Amino acid sequence: MKFLSELDDDRFARVVIAQDLKEFGIKVPKIKKSSKSQDKNHSPGVGVFGRRLTNLPTVPVSTPAGTYQVPTFLVTTVNFLEEHIETEGIFRKSGSHARQKDLKIKLDEGGEFGEASVLDVANLFKQFFRELPDPLFTHRLHSCLLKAQEIQQDRDRILALLSVCAMLPTLHLNTLQYTMSFLARLAARADSNKMDENNLALTSAPTSC
């Protein structure tokens, strides 16, 4: 199956998807014309947290379905977390707020995780998404996502949710796919880490909207 992000280069496909969503009573807002804005409290090219996805460095990620770009910080973080994927409560336990504050400053200055606690890294992973100026599902599509979730019929709800995802900007969609793939691998080790799909939904979903 090809990545939905390949639709980004096909404006006609997006028009068709928007029309399909109308049949579910979901109207996709038009893209507002605006100049590229600089991240708040950041100089160009500096920092990780609180920056737009489009302003972050990216690296190619290869999968059986193809290759796509993902923020470098996210790939580095996921690689670190996968080394400790069986840690119990990895996304549920809070870690040390003081250590996380120091580690966040270190990472914003270009530092590495080093010997950081996996719980602290997991919490910064969630904080990264919370501090995005434009959330993973974007301000523009947030209402569409909520309306899609309200659809009663399972088949129609899933189709509408996938259609909303297909309307995401390319890098947002790439990031969503990469993150969901990681969370699926995490849930597959629930016998060890006690983080099944329900626990992950409770601890991770609020950070992406």
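How far is helix 72-82 tilted, in degrees, relative to the longest principal axis of the Cα atoms in the chain, given as a value from 0 to 90 rounded to the nearest 10?
60 degrees
So if each residue of separation counts as 0.36 nm, and I subtract the Cα-Cα distance between THR63 and ALA190, what length gain in nm does that give? Don't skip to the answer; put the middle values down first.
Details: separation 127, 0.36 × 127 = 45.72 nm, distance 2.34 nm.
Residue separation times 0.36 nm, minus the Cα-Cα distance, leaves 43.4 nm.
Compute the Cα gyration tensor for the stretch 115-167, then decide on rounded, prolate or oblate, letting a ≥ b ≥ c be the square roots of its eigenvalues: rounded whenever a/c is under 1.5, prolate when a/b is larger than b/c in the other cases, and oblate in all that remain.
Details: a/c = 3.70, a/b = 2.20, b/c = 1.68.
It comes out prolate by the Cα gyration axes.
Which label belongs to the value computed from this structure, given these candidates for mean projected area of the Cα convex hull in nm²: [x] 11.9; [y] 12.5; [z] 13.5?
Among [x] 11.9; [y] 12.5; [z] 13.5, the one calculated here is [y].
Describe numerically, in nm with one decimal, the distance between label points set 7 Å from Cα along Cα→Cβ at ARG99 and at VAL16.
5.1 nm
Between beta-carbons, use under 15 Å as the cut-off and find the net charge around ARG189, counting Lys and Arg +1, Asp and Glu -1. It would help to have the intermediate numbers written out before the result.
On the way: positive: ARG92, ARG185, LYS194; negative: GLU82, GLU83, GLU86, GLU88, ASP191, ASP196, GLU197.
Computed value for this residue: -4.
If the elastic network links every pair of Cα atoms under 10 Å, which of ASN79, ASN198, ASN174 fluctuates the most in the Gaussian network model of the chain?
In this elastic network of the chain, the residue with the biggest mean-square fluctuation among ASN79, ASN198, ASN174 is ASN198.
Determine the calculated [θ] at 222 nm for the chain from helices alone, applying -39500 (n - 2.57) to every DSSP H run no shorter than 4 residues and normalising by the residue count; nearest 500 deg cm²/dmol.
Numbers: 9 runs with 102 residues, N = 209.
Helix contribution divided over all residues of the chain: -15000 deg cm²/dmol.
Between ASP108, ASP191, ASP20, where does the largest GNM mean-square fluctuation fall for the chain, given springs only between Cα atoms within less than 10 Å?
So, out of ASP108, ASP191, ASP20, the one fluctuating most is ASP191.
Does anyone have the angle between helix 154-166 and the longest principal axis of the chain? Alpha-carbon axes, 0 to 90°, nearest 10?
That helix lies at roughly 80 degrees to the long axis.
Would you grab the residues whose amide H sits under 5 Å from the one on THR58? Only those 5+ places off in sequence or on another chain, please, with H modelled 1.01 Å from N.
Those lying under 5 Å, H to H, from THR58 are THR72.
In which sequence would VAL75, VAL121, VAL46 go, from the one with the fewest C-beta neighbours within 10 Å to the one with the most?
VAL46, VAL75, VAL121
Here, each number is a calculation from the coordinates, and none is a lab measurement. As the structure is a computational prediction, the values presented were derived from the model and not from experiment. Ideal geometry is used to build each Cβ from the backbone, glycine not excepted, and the neighbour counts take in all protein chains shown.
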